[in-house]
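Below is one structure, written out as structure tokens, with a few remarks after it.
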Amino acid sequence: MRLLPYSILCTILSTAAFVSFSSFANVSDMKHPKDTTIESSNPSHPQKSLARVGVRPFYLLSQLDDPKLKSKLAQCSNKPFYRTEFALGHRGASMQFPEHSKESYQAAINSGAGIVECDVTFTADKQLVCRHSQCDLASTTNILANPTLANKCTQPFTPADPVTGTPAAATCCTSDITLAEFKSLCAKMDGTNPDATTAEAFMDGTPEWRTDLYASCATVMTHKESIDMFKKAGVKMVPELKEPSVTMPFDGYTQAQYAQQMLDEYTEAGVDPSQVFAQSFNLDDIKYWIANDPKFAKQAVFLDDRYDTANLDPNDATTWTPTMEELKDSGVKIIAPPLWVLVTLDDNNKIIPSAYAKAAKEAGLDIIAWSLERSGPLTTDNGGWYYQSISKAITNDGDTLKLLDVLAQDVGVIGVFSDWPATVVYYANCMNLPSKQGNKAPNDTESLIGIKNK
């Protein structure tokens, strides 16, 4: 493996450390990156928002064992970085901040994500809030520390039983509580302890490769609050309409009303549909938007859940239903599968686009990939679920950049969701990728500007 000269690596890491400290030390004061903008000589881009990428991209670069890619990315180490729409903040910056919290969103914005995600679900009084799942409150908030609210959970906490081998469990849903009760919660890092015999121990389950450093009492967000925050920050929005865990209709509240309410909250906030990438795993939701709100449907994202089909093979088109052409003909314009569906290995264990990726492009579909930086150390289980189709080629954390390079250059994705958007921001800036969806890349004399862990 060819390594960077020690002096260069030291310069990179020391510069990165300074940038990291200056960028994330101000998370608590919640200033928006718009407070740090630079005038541009390019009249089509009057301002550009600085990104603070921190140390992680430099660490990944130090682990990269592809000499050509490593040399190209290393040349950008002392350059400024700017916000880019190629980087989508998956639940914010959820690798190190509690997902779907104000702090997580701000970290994603600070690091240069041009588009940030609020997963949307609803409360008992049918108000929209940001949670990855309707029933994840026991693992992502402190609800079990509040006896009154804990007693309202669909399944209150039950301790582990070492005799029978039964793990500890609790199921707490946003639909179990009102909006006011939801807002009384603190967000925490996602995780539970299956061996816990107390509720307190159950909530103490953060994976060891993450951190609780920023999780003392993170701020849970309503959908409307996320819209206001993103609008003020100047980033685009990628809300996901989550599948309800409760039976629909819920107290007379239908799936169509739910799907429409999400879009209506953008309209009420004065957000132009061009700033919103509404997404859903439910193809019927996409079709509803196409039929009833075409301005928002124009860039709706179908989160492809066909990977969940037992016989799906990303390299065998006969296992995909509907076909890519049928999706395109139905009005779908953007498709978003998990990382592993888009890539495979050739006979030399080189990462290449899958037949799925090629077929989507041939059908005229744009592609967004999810979710980078969600796997923990790639030395564990060769990257796990997100890397399953290329596991034989995954040996160290630097392979994150190898995969990202294939997704950008060979698959041709228009964006990548990441639990740590700074990694994608570094890459996109260095490779001069378009900073806005649908725009050509700036030339060498122009700087990247952006407004854009499933």
Do you know which of the residues in region 283-310 that are more than 17 Å from A256 (Cβ to Cβ) and of a type in the set (S, T, N, Q) is most open to solvent (accessible area, probe 1.4 Å)? T309
Among the candidates G331, G415, G383, G376, which residue alone is among the small types (G, A, S), surrounded by fewer than 20 Cβ atoms within 10 Å (Cβ to Cβ) and within 18 Å of the chain's Cα centre (by Cα)? G376
Only unsatisfied item for M248, checking (1) of a type outside the set (V, I, T); (2) farther than 18 Å from H132 by Cα; (3) part of a helix (DSSP H, G or I), is (3)
Residues within region 62-114 that are surrounded by 24 or more Cβ atoms within 10 Å (Cβ to Cβ) and of a type in the set (S, T, N, Q), tallied: 7
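To keep it simple, each residue is scored yes or no on (1) buried (at least 18 other Cβ atoms within 10 Å of the Cβ); (2) assigned to a loop (DSSP other than H, G, I, E, B); (3) touching a Phe, Trp or Tyr at 6+ places or on another chain (Cβ under 7 Å).
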| site | (1), (2), (3) |
| --- | --- |
| P207 | no, yes, no |
| S216 | no, yes, no |
| D228 | no, no, no |
| K232 | no, no, no |
| E243 | no, yes, yes |
| A256 | no, no, yes |
| A259 | yes, no, yes |
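Can you give me the number of residues within region 179-197 that are touching a Phe, Trp or Tyr at 6+ places or on another chain (Cβ under 7 Å) and of a type in the set (G, A, S)?
Total meeting the criteria: 1.
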Residue that is modelled with the lowest pLDDT, among those in region 418-433 that are open to solvent by 10 Å² or more (accessible area, probe 1.4 Å) and in contact with a strand residue (DSSP E or B) (Cβ under 6 Å, 6 or more places away or on another chain): L433
Filter region 300-323 down to residues that are closer than 19 Å to D284 by Cβ and touching a strand residue (DSSP E or B) at 6+ places or on another chain (Cβ under 8 Å) and give me whichever is modelled with the lowest pLDDT. Y307
Subset of region 377-406 [of a type in the set (G, A, S) and more than 18 Å from Q63 (Cα to Cα)]: G384, S389
For P159, indicate whether it is out of contact with any helix residue (DSSP H, G or I) (no Cβ under 6 Å at 6 or more places or on another chain), at pLDDT 95 or above and closer than 26 Å to E243 by Cβ. no
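Results for (1) at pLDDT 95 or above; (2) of a type in the set (S, T, Y); (3) closer than 17 Å to P57 by Cα, shown as yes or no for each residue.
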residue: A408; (1), (2), (3): yes, no, yes
residue: G412; (1), (2), (3): yes, no, no
residue: S435; (1), (2), (3): no, yes, no
residue: G438; (1), (2), (3): no, no, no
residue: N443; (1), (2), (3): no, no, no
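The values are calculated or read from the model by the stated rules, or taken from the named source; none is laboratory data. Bear in mind that the values here come from a model prediction, so they are computed numbers and not experimental data. So basically every Cβ, Gly included, is an ideal-geometry build from the backbone, and we count neighbours across all protein chains shown. For the accessible areas, the whole protein counts, side chains as well, though only heavy atoms, and no ligand, DNA or RNA atoms are used. Shrake-Rupley method; radii C 1.70, N 1.55, O 1.52, S 1.80 Å.
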